[in-house]
Amino acid sequence: MIKHNSQTLSPIAFYGIGLAPIVLLCTTTLNALKFSAVLLVCMVLCNLLYFAFKPIVKDEVRIPCYVLLIIGVEYFIDSVLSEFVIKNSSSITEFVSYLLSATVIIYMFETSSKVKNFNASMLDCVIMAGEYAMCLVAVGLFREFLGHGTLFGARIFKSGIAFFVSNAGGVFVTLVYVLVYSILTANIGKKRTAYSGLVDRYELFLEDKFMELTPMKSLDEMVNENMQENAVSEEPSTSTNEEVK
Amino acid sequence: MKFKKVFSAWLCLMFFALLCVSIMLVTNVAFNKDSSSDYFSRYRTFEFRQSDGGER
């Protein structure tokens, strides 16, 4: 399994792309949660289909294949949403329109194309979607709280600051999120390095202890032992020869 | 050799295009959609602009 490296896989935090759905769609937490759920379902379905036909996929045309799959899956999701979930079809138009861009961007940064294990690939896909969804929800929550003065629709302040509802406010909140995310991942990376260093040292320590408890024999001792063994094995054969004579 | 590689990549792409169209057709049949109706007219008038919370 390829270990997930958040620094290379989070497109929004480290490359600043994928901003359109965040800025234009995530004005409320509920909106962000809905979009995250749709994104996760879309990515899991695409990954399932991709993995089903993986043996015939050429690595050079991997991204176009993903795009074609996403178009099909999106059509399916659009139909399901408009048929069963949301009665007002115009409200899902935005979700589905931004879904393509978000999913394609995430898939451009995936590294699981060489992973042959199905579980690892699915885990990678869910982590990628989860990271993006985390950004969506965090930005949506702050924009709703500061911009509208509400939280999940419940009013907390009389009025909010209109700046945070605007596109510029969305970009500002996203940049703050990126800053916090970068600091957190850098700290986690440092701790992970320190922890793996400690584990390595402990393994070396255990190895030394093992060697101390079972000391290596010197070359002379080994030669002596060999000679003794040879002598013991030769003795019975000589005695039988003498008996025959 | 290069032609073979390009041809196999093209075949792979065509296969996925076929798969995409198949998914769409199966969805159409499953949900009994009529493409001549104005079901998708909402996409024809769609503009990229800020969401108002999906309460329109």
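Computed values, structure above
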{"quantity": "Residue mean of other protein chain beta carbons inside 10 Å, A:162-168", "calculated": "1"}
{"quantity": "Angle between chain A longest axis and helix A:167-213 axis [Cα atoms, degrees, rounded to 10]", "calculated": "10 degrees"}
{"quantity": "Cβ neighbours within 10 Å from other chains - mean over A:68-80", "calculated": "5"}
{"quantity": "Residue-averaged beta-carbon neighbours from other chains (10 angstrom radius) around B:16-22", "calculated": "6"}
{"quantity": "Estimated 222 nm signal from helices in chain A, with DSSP H stretches of n ≥ 4 weighted -39500 (n - 2.57), rounded to 500", "calculated": "-25000 deg cm²/dmol"}
{"quantity": "Chain A, dipole about Cα centre (Lys/Arg Cβ +1, Asp/Glu Cβ -1), debye to the nearest 20", "calculated": "2140 debye"}
{"quantity": "Peptide ranges A:196-202, A:14-20 listed from the most packed, as the mean C-beta count within 10 angstrom indicates", "calculated": "A:14-20, A:196-202"}
{"quantity": "When the convex hull of its Cα atoms is projected in every direction, mean area for chain A (nm²)", "calculated": "25.8 nm²"}
{"quantity": "Per DSSP, loop trypsin sites (Lys or Arg not before Pro) in region A:132-194 with at most 10 further Cβ within 10 Å", "calculated": "A:158"}
{"quantity": "Using a Förster distance of 51 Å, the FRET efficiency for residue A:158-residue A:186 (Cβ separation, nearest 0.05)", "calculated": "0.85"}
{"quantity": "Rounded FRET efficiency, nearest 0.05, which uses the C-beta distance separating residue A:196 from residue A:224 and R0 of 51 Å", "calculated": "0.70"}
{"quantity": "Estimated inter-spin distance, residue B:25 and residue A:205, nm [label 7 Å along Cα→Cβ]", "calculated": "6.7 nm"}
{"quantity": "When each of A:58/B:33; A:54/B:2; A:58/A:190 is checked by Cα-Cα distance, pairs over 27 Å", "calculated": "A:58/B:33; A:58/A:190"}
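Quick note: the coordinates plus some simple rules give every number you see, no bench work behind them. Just so it is clear, the structure is predicted and the values come from calculations on it, not from any experiment. Neighbour counts run over all protein chains shown; Cβ positions are idealised from the backbone, glycine included.
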